[in-house]
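Asker: Shown below is the structure under consideration.
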Amino acid sequence: MSNYQFVQLGTILVKEGLVSENQLQDALDFQRRNPGEKIGEVLVKQGYVTEQNVLSALGMQLGFETVDEDALLRVEKDIVRLIPEPFANENNVIALARDHDILKVVMVDPDDVVLLDSLKKITGCEIIPIIATEKMINLAIDRHYKELKIEGQVSSTLQGVEFVGGIEEDDDLDLNELGDLSDEGPIIKFVNILLREAIKDRATDVHIEGLDTHTLVRYRIDGVLHEIMRPPKTAHNAITSRIKILADLNIAERRLPQDGRFTMKFTDKEVDVRTSILPTVTGEKVVMRLLDKKSFTLSLTNLGFDDDMLAIFRKWIALPYGIIIVSGPTGAGKSTTLYSSLVEVKSSEVNITTVEDPVEYQIAGINQVHCIPKIGLTFAAALRSILRQDPDVLLIGEIRDMETADIAVKFSLTGHLVFASLHANDAPATITRLIDIGIPEFLVGSSLNMVVAQRLVRKICDQCKEPYTPTDIEIEALRLTPEEVKEINFMTGKGCIHCRNTGYQGRNALFEILEVNRDVRKMIFAKKNQDEIRDEAIRTGMITLRDSGLRKMKAGSTTAAEVIKTTYEE
């Protein structure tokens, strides 16, 4: 484009009220000092406008329709297929919509006559060019053609393969037949594709469910399940048998739950896969939890602690004895917090031992014991032996029963620092849970140093973050005053190619830290209930899970909807 056209683009942006005359002049001055820079790019770099603003203005200037990322995400796969992937990549184009013999194609330069002619020959359609940025088109190409490739691999893998029907409970089980079935090349390829793509998509869990009409495969990404594919129902038994073989489980047993694990090795990392098989009325359900050992740096500073809460946490884990408990539901990130704590206190002068089921992260310089209950190596059995190993710091993967809890208390009262996890709704409820397990109040009060309740919330996608106005329901649920609402810059994710159109990418932790100080200890001794303990802790400065979520929301890290969904306040 000529300089005259650049000015015209700027004039359109000013006329639309997207930039001021002074901002445009600043950008033009910068452009003169930096030849080759486009005015639109300069305005975006300076933060005056968004790429979508520039794209809309460019469409007005050239007289062509534009498209946003949301529309690019919703393109049907049959439409994308009309342009071969190599051609799409080479020319930076992607099909958008078709109406009989008219095809809308998204491109950067709508005046490229040669490209338009080539597209007409390839597709057999009249081409209507639609404008988008090069970055948007590249992302859409990567996303859609990747999904087409996976779909094609799955289809070609299972095509032409005959599967035996479901085996009823009363039928005879032919072990040879099952072995042959799971060894079919197509099923091995299918499971490999399934796991490979799950790791690429940052999935933490893979769910495979046998329904009445088909098999459903879902990935849990950032704590939310997403449907990925629907293999035929007839393939379900073969898929589960293959996974059982990988996890060293009994492929003939379909009436009882089974648990196992295996490891996937890559050139640059290893991924542990914990497998759970559960019989249901429509077939066995498989859940595989994926643990990429190198995907996260074990450090307290990476977890999402606010500075004041991190200082409190570090103060208590630096003590020489006592119990520190991290509580929360399954998948709340308790293990990561505990491991990060061990890394913090680890030194050549300290003997650290862990008892876990299973060992999730292997840490150099720490003695880690993997419990195997079926051979008698239970938590309690391992802990009794560890007493003779002269430990300074002990991590108990989970306090599940009276015997384990009793050993933890005795460890802490004899000069050891004990870390443990426990399933409870919040920090005060953790104290009640210990007492319910069977530990007397005077021992709980004497041994407990700190309780940390934890939850995970999704982070807003940085690529599509934008301001929004909360609903009255959200404001009421968060108990915000009109003054607070005015002061908060509420943010949400619009949804884009980067975040699978969810508006979120990644997760952050919320914490509720209950310090068992002298006043709280007296309340435990006096057998006060958890509500009374909670009130006292809040009075003395405890930040609740809801307050921690509100901090993240006010900082623009997460949304009001996430805070409401993840936390609760009476």
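The values are calculated or read from the model by the stated rules, or taken from the named source; none is laboratory data. Note that this is a predicted model, so its numbers are computed, not measured. Every residue, glycine as well, gets a Cβ built from its backbone with ideal geometry; the counts of neighbours run over all protein chains shown. In case anyone asks, the SASA skips ligands and DNA or RNA and just uses the protein heavy atoms, side chains included. Shrake-Rupley method; radii C 1.70, N 1.55, O 1.52, S 1.80 Å.
Asker: Pick the calculated log10 I(q)/I(0) by the Debye sum over Cα atoms at q = 0.06, 0.08, 0.10 Å⁻¹ for this structure from (1) -0.43, -0.74, -1.04; (2) -0.41, -0.65, -0.89; (3) -0.28, -0.50, -0.79?
Answerer: Label of the calculated value: (1).
Asker: Rounded to a whole number, what % of the accessible area of the range 296-449 do carbon and sulfur atoms account for, probe 1.4 Å? Spell out each step's value before the answer.
Answerer: Numbers: 3340 of 6480 Å².
Of the solvent-accessible surface of the range 296-449, carbon and sulfur hold 52 percent.
Asker: May I pose another question? Using a ≥ b ≥ c from the Cα gyration tensor of the range 339-392 (square roots of the eigenvalues), is it rounded, prolate or oblate, where a/c under 1.5 gives rounded and otherwise the larger of a/b and b/c decides, a/b for prolate? If you can, show how the numbers build up before the last one.
Answerer: On the way: a/c = 3.00, a/b = 1.51, b/c = 1.99.
It comes out oblate by the Cα gyration axes.
Asker: Okay, next question. Only four residue types carry charge here, +1 at the Cβ of Lys and Arg and -1 at the Cβ of Asp and Glu. Report the dipole size of the chain about the Cα centre in Debye, rounded to the nearest 20. Intermediate values should be presented prior to the final figure.
Answerer: Details: 67 positive and 88 negative charges, 275 e Å.
The dipole of the chain has a size of about 1320 debye.
Asker: If you take the square roots of the eigenvalues of the alpha-carbon gyration tensor of the range 210-273 and sort them as a ≥ b ≥ c, do you get rounded (a/c under 1.5), prolate (a/b over b/c) or oblate?
Answerer: Numbers: a/c = 1.95, a/b = 1.13, b/c = 1.73.
It is oblate, given that a/c is not under 1.5 and a/b is not larger than b/c.
Asker: Using only the alpha-carbon atoms, how far is helix 3-15 inclined from the longest principal axis of the chain? Give it as 0 to 90 degrees, nearest 10.
Answerer: On a 0 to 90 degree scale, this one is about 60.
Asker: Would you mind checking the tilt of helix 334-345 against the longest principal axis of the Cα atoms of the chain, expressed as 0 to 90 degrees and rounded to 10?
Answerer: It works out to around 70 degrees.
Asker: With the other protein chains left in place, how much accessible area per residue, in square angstrom, belongs to the range 57-117 at a 1.4 angstrom probe? Please list the in-between numbers first.
Answerer: Values: 3200 Å² over 61 residues.
Heavy-atom accessible area per residue stands at 53 Å².
Asker: Between the range 348-398 and the range 416-488, what's the alpha-carbon centroid distance in Å?
Answerer: Taking the Cα centre of the range 416-488 as reference, the centre of the range 348-398 is 28 Å away.
Asker: Also, quick follow-up: Highest mean first, how do 374-385, 411-422 rank when packing is the count of other Cβ atoms within 10 Å averaged over residues?
Answerer: Numbers: 374-385: 15.3, 411-422: 20.4.
Ranking, from highest mean packing down: 411-422, 374-385.
Asker: Enumerate cysteines in the chain without a disulfide-compatible partner, where compatibility requires another Cys Cβ under 4.7 angstrom.
Answerer: Cysteines lacking a close Cβ partner in the chain: Cys125, Cys371.
Asker: Further question: Quick one: check the C-alpha center-to-center distance for the range 550-570 versus the range 88-147, whole angstrom.
Answerer: 41 Å
Asker: Once you sort the root eigenvalues of the Cα gyration tensor of the range 453-570 as a ≥ b ≥ c, which label holds: rounded (a/c under 1.5), prolate (a/b larger than b/c) or oblate (the other case)?
Answerer: Working: a/c = 3.18, a/b = 2.06, b/c = 1.54.
Judged from the Cα gyration tensor, the range 453-570 comes out prolate (a/c at least 1.5, a/b above b/c).
Asker: Here's something else I'd like to know. Using only protein heavy atoms and a 1.4 Å probe, report how much of Val485 is accessible, in Å² to the nearest 10.
Answerer: Counting only protein heavy atoms, Val485 exposes about 40 Å² to solvent.
Asker: Still on this structure: What does the accessible area per residue of the range 492-561 come to in Å², with a 1.4 Å probe and no ligands, DNA or RNA counted? Don't skip to the end; give the middle numbers.
Answerer: Details: 3030 Å² over 70 residues.
I get 43 Å² per residue for the range 492-561.
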